[in-house]
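Below you'll find the structure, written out as C-alpha cells, and then a few comments.
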Amino acid sequence: MKTLTLCLLLGCQTALAQVTVIKAGKLIDPDQGTVAANQIIVIRENKVEAVGASVAIPQGAQVLDLSNMTVLPGLIDCHTHLADGKFGEGDPMFQLKKLASQTVLESVRNARVTLESGFTTVRDLGVYRALNDIALRDAINRGDIIGPRMYVAGAYITITGGAGAMTGMAPDIQLPWDFHYGEANSPWEVRQKIRLLVHDGADHIKVLSSGAVLTHGSNPKSQEFTPEELAAAVDEASHFGLRVAAHAHSPEGIKNAIRAGVASVEHATMIDDEGIALAKQRGTYLDMDIYDEECIQEQGRNGTMPADFLEHDRELGERHRENFRKAVKAGVKLPFGTDAGVCDYGTAGKQFAFMVKYGMTPMQAIQAATSSAADLIGRSDEIGSIKPGKYADVVAVSGDPLQDIHLLENVQFVMKEGKVYKQQSR
Ligand SMILES: [Zn+2]
C-alpha cells in the first residue's frame, strides 16, 4: 500500500523505468541518407530502445505525437565557444573587465539557448579563461543548468602572442594564469600543456596552427606552430586517447596540421588545392564555419568589431565559401561547425542554408551536423542518429527540411537524453 501511494505520487519512476514513445511522421536517418515515414521510436530512460514502423508501443508509455513533423537526431555543432560569456562585446579585451566567475555565469544563457535551438551536443573548442568550459560542462552534466552535452578543450594550445593568446596589452601588463594557461613554445612545452589539460579533464585538444582573424597583432596568413610542435601535440594527445583540432587559416598552416595527423582543421579558410587533396587522402575533417562572415560584417557595421579584426577578415569571407564548395566537390569530410560566439549563441542553424548554397545537398548538410559530427567527435556509438542503444537526442520541425533547409533555423521540438526541453505547437 505504501509503495502504491509512492507510485501514485512519483509516477512509479523508481519501480518502472520511464518509457517514452515518439510517433514520427517522417524520420531522417543520416547514417543511410534516407527518410522513413510513420516511425515509432521507443525511449527507455535516456536511450533509444527500438525504432521502426511496426514497433509495439509498450503499455503505460508516455506518447509524444509528432506525426505531422519531421524528426531528426539532435544536432551537433563541432565548433563552439559557449563559456566565453555574453555575446556581442566584440573585442576580447572585454574579458579583462570581468571576473572568471562572471564570465562563466553569463555563459549559462549560451548553453541554454544552444540546446533550445536544437543542438544537443557541441564540441567546444577553447575559452579565453582556461577551464571555464570544464566548469560549464560539469554543471550541465550534473543537471544544475540546462545545456547541450559538451565536449571541451580546457584551453587553447598556442604560441606566445599567437592566435589563441590574449593580446593587445602593453608588455608590462601581467595577465592572470588562466589567460595564458595553454601557451607553449616548443614540442616539449606543447606536451606539458596537454598533460595538464588531460589532468584537468579536457575531452580533446585545440591547437592554433596559423594566425587568427579575431586576435590583436595576429596575421591569419601566417603559420604559428611548427610541424614538430603539431606532431608533438597529436602524439601526446593520442597517449590519452584524445583527438586534436587545429585552427588554421593559411594554406601552410592547414597543410602542416593535416600532415601532423589532426582530426580536424578548423576554418581552413585559405586552403589550396594541395590542402584539399591532402585532407581527402588523410581523411581529415575540414570544419568550415562559412556563416560567420555575416556576423563579422554586421558587427563591423554596428561598430562592435575592432578595426584590425575587420582588416584581417577583408576578402577572406568569399574565398572561404568558394573553398568550401571545392571541398564538397572533392568529397572531403565536412562536419557542421559554426565557431559559435562569433555569431550569437542559438543562431547556428542559419549555417545550414549556407552549406546548401555552397554545394551541399540538404541531406549532406544534415549529415554534417549529425552522423559526420558524431564520427569526428568519436562518439558514433552514442550520438548522431536515432538508433537503439544511442542517447535519445531528438529534434523535430514542421515541414520537410530536405525541401526547405531554413526550417532548421527554428527547431520546434528538442529532446536530450529522453527529456523534453522544447515543444512548440504550431
Ligand atoms: Zn573558434
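Figures for the structure shown
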quantity: Degrees, to the nearest 10: 187-200 long Cα axis against longest axis of the chain; calculated: 30 degrees
quantity: C-alpha center-to-center spacing [segment 204-228, segment 16-70] in angstrom; calculated: 45 Å
quantity: Leading residue at positive end of dipole, the chain (Cβ point charges), from Leu310, Leu286, Val122; calculated: Val122
quantity: Under 21 Å from the Cα of Lys390 - lysines, other chains or at least 8 residues apart; calculated: Lys23, Lys26, Lys47, Lys416, Lys419, Lys422
quantity: Residue with peak Gaussian network fluctuation, the chain [Cα springs, cutoff 10 Å], from Val234, Val152, Val198; calculated: Val198
quantity: For the chain: rounded, prolate or oblate by the Cα gyration tensor [a/c cutoff 1.5]; calculated: prolate
quantity: Choice from Met93, Met169, Met270 with maximal GNM fluctuation in the chain (Cα, 10 Å cutoff); calculated: Met169
quantity: The chain: calculated mean residue ellipticity at 222 nm from DSSP helix runs of at least 4, using -39500 (n - 2.57); calculated: -9500 deg cm²/dmol
quantity: Sorted peptide list for 19-28, 172-181, criterion being average Cβ within 10 angstrom, highest first; calculated: 19-28, 172-181
quantity: Backbone HN-Hα couplings from phi across segment 45-59 [Karplus 6.51/-1.76/1.60, Hz, Gly and Pro as x]; calculated: 6, 9, 10, 6, 9, 7, 9, x, 6, 10, 6, 6, 7, x, 4
quantity: Point-charge dipole on Cβ atoms (K/R +1, D/E -1) for the chain, about Cα centre, debye to 20; calculated: 1320 debye
quantity: Three-way shape call for segment 261-420 based on the alpha-carbon gyration tensor, with the a/c threshold at 1.5; calculated: oblate
quantity: Among Ala155, Ala369, Ala36: highest mean-square fluctuation, GNM of the chain, C-alpha pairs under 10 Å; calculated: Ala36
quantity: Whole-angstrom gap from segment 269-331 to segment 386-423, using each part's C-alpha centre; calculated: 28 Å
quantity: Simple Cβ-charge dipole of segment 112-268, Lys/Arg +1 and Asp/Glu -1, about Cα centre, in debye nearest 20; calculated: 340 debye
quantity: Computed FRET value (nearest 0.05) for Arg195 with Lys47, which takes r as the C-beta separation and R₀ as 30 Å; calculated: 0.30
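Just so you know, all these numbers are worked out from the coordinates, no wet-lab data involved. What you see is a predicted model; the values in this text were computed from it and never measured. FYI the Cβ positions are ideal-geometry reconstructions off the backbone, even for glycines, and counts take in every protein chain you see.
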